[in-house]
């Protein structure tokens, strides 16, 4: 799904204390994933991929 949108996983790290927690950084066009993850209509699609919204923190960063 992400490849079709031009989004790549930049970093994926799993917590040593809790292997069910992870930090994931994506790289892609501005707001592409932000719009998907914050849109209530796409939440079922995102959850079907295995994502758990509980505890999710979404931030946006720009390259300089």
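General observations
- Stretch gain in nm, segment residue 53-residue 8, where the contour uses 0.36 nm per residue and the Cα spacing is subtracted: 14.2 nm
- Sorting 16, 43 by the number of Cβ atoms found within 10 Å of their own Cβ, with the fewest placed first, yields 16, 43.
- Put in order of Cβ neighbour count within 10 Å, fewest first, the listed residues 33, 3 become 3, 33.
- Prolate/oblate/rounded call for region 3-48, Cα gyration tensor, a/c under 1.5 rounded: oblate
- Label-point gap, in nm, between residue 15 and residue 45 - each point 7 angstrom along Cα→Cβ: 2.8
Where a number appears in this text, it was derived from the coordinates with a stated rule and is not lab data. These numbers were taken from a predicted model, which means no experiment stands behind them. Cβ atoms come from the backbone with ideal geometry, glycine included; neighbour counts cover every protein chain shown.
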